[in-house]
Amino acid sequence: MSGSPPELPIVVLDALMPVSQRLVLNRRGSSVWDVEGDRGRYAVKVGYPVEATSEWPAQPWTALAPAREGAVLHRLGADDIAYREWERGTWNIQPWREGPDLYRLWEPCRTEGSSVELHTSVALGCVEALAELHAKGWAHGDVQPAHFIIGPERTYLIDLALARGGHVPEGYDFPFRGCLVHYEAPEIARSVLATGEAEPTQEADIYALGASLLISATGWRAVEYPDEAPRPVQREAVASGKRRPVKATGELGELIDAMLSHAPEDRPTIHEVGKALS
């Protein structure tokens, strides 16, 4: 259970003077709010530590994640960003990105017997958003369908709390211990299993993008393992490289297969993926 989310910190309320606020997401260690005020519409992320239970260990890093993301966004030159500490952790404010995520947008394509075609323009928008980050020398580290917001004019890549590629203030930094295993590259899974940590790379982002496109188009994960399997069991399956015999239709399917190559050096670069889709 996630429990009740904390209220928005007073300093955030003072900064935004909201006329409306809506809880969008409440999970262990963080909550996300859609806040609208005189200054505009913002996403507010609030982080706090996760206490240990019989099911999972303590996770103090969740308290630092909003400030780390704020620092990353600042390093990337984003405007209208604020991040600070509060009594239980950190928070950040960033512009709200309106639109469905990739998985929700492609839902009609996954309906049995559907004649809805996959639009490569949507995939290309995701590629361009990731390419923009890679061009600045960063790896995202947590690429997944929910982090691509398909806006009316462009696609946004959100949730950069785990990104690597430049300086982050030491007080807000923490080791990368993997991401959602559905989208974790084999080499990341192996490193986390062996050492408890890994280093996000652009090659791993490519794998994650391929896995994101595949599950959004077909509803199937790239690698097969029981839904309720413990994280180490999931990672063992990913590390083995045993792929499901699932393929998206057409040329996009062939491209996704290349992106999901077991060896990082066999995957196309983001530039090559964009060129193929164009």
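Numbers for the structure displayed
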read-out	value
Given charges at beta-carbon only (K, R positive; D, E negative), |dipole| of the chain in Debye	200
Full-stretch length increase - V246, R104 - with 0.36 nm per residue and alpha-carbon distance subtracted	49.2 nm
FRET efficiency, 1/(1 + (r/R0)^6) with R0 30 Å, evaluated for E254 and A135 via beta carbons	0.75
Pairwise Cα inverse-distance average, inverted: Kirkwood Rh of region 10-95 (Å)	13.3
In the chain, lysine pairs closer than 30 Å at Cα, eight or more apart or cross-chain	4
FRET E, pair W220, L193, Förster distance 25 Å, beta-carbon r, rounded to 0.05	0.60
Pairwise label distance in nanometres, W96 with E265, each label 7 Å out on the Cα-Cβ vector	4.8
R27/K275 FRET efficiency (R0 41 Å; Cβ-Cβ; nearest 0.05)	0.65
Lys/Arg +1, Asp/Glu -1 at C-beta; the chain dipole; positive extreme among A67, P268, A237	A237
In nm, spacing of pseudo-spin labels at R75 and V233 (7 Å Cα→C-beta vector)	3.7
Footprinting exposure proxy for Y156, Y42 (fewest neighbouring C-beta atoms within 10 Å first)	Y156, Y42
Euclidean distance between Cα centres, region 150-197 to region 59-107, Å	13
Per-residue [θ]222 nm for the chain (sum of -39500 (n - 2.57) over DSSP H runs n ≥ 4, rounded to 500)	-10000 deg cm²/dmol
For the chain, radius of gyration divided by Kirkwood radius, i.e. Rg to Rh on alpha-carbons	0.96
Region 1-106, dipole about Cα centre (Lys/Arg Cβ +1, Asp/Glu Cβ -1), debye to the nearest 20	240
Size of electric dipole in region 148-206: Cβ of Lys, Arg +1 and of Asp, Glu -1, about Cα centre, debye, nearest 20	100
Environment charge at G40 (Cβ cut-off 14 Å; Lys +1, Arg +1, Asp -1, Glu -1)	-3
Label-point separation in nm, A146 to T111, each point 7 Å along Cα→Cβ	2.4
Filtered GluC sites (Glu not before Pro), region 222-255: DSSP coil and at most 13 other beta carbons within 10 Å	E224, E228
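Where a number appears in this text, it was derived from the coordinates with a stated rule and is not lab data. Treat the numbers as computed from the prediction; the structure is a model and nothing was measured. Note: ideal-geometry Cβ built from the backbone for every residue, glycine included; neighbour counts use all protein chains shown.
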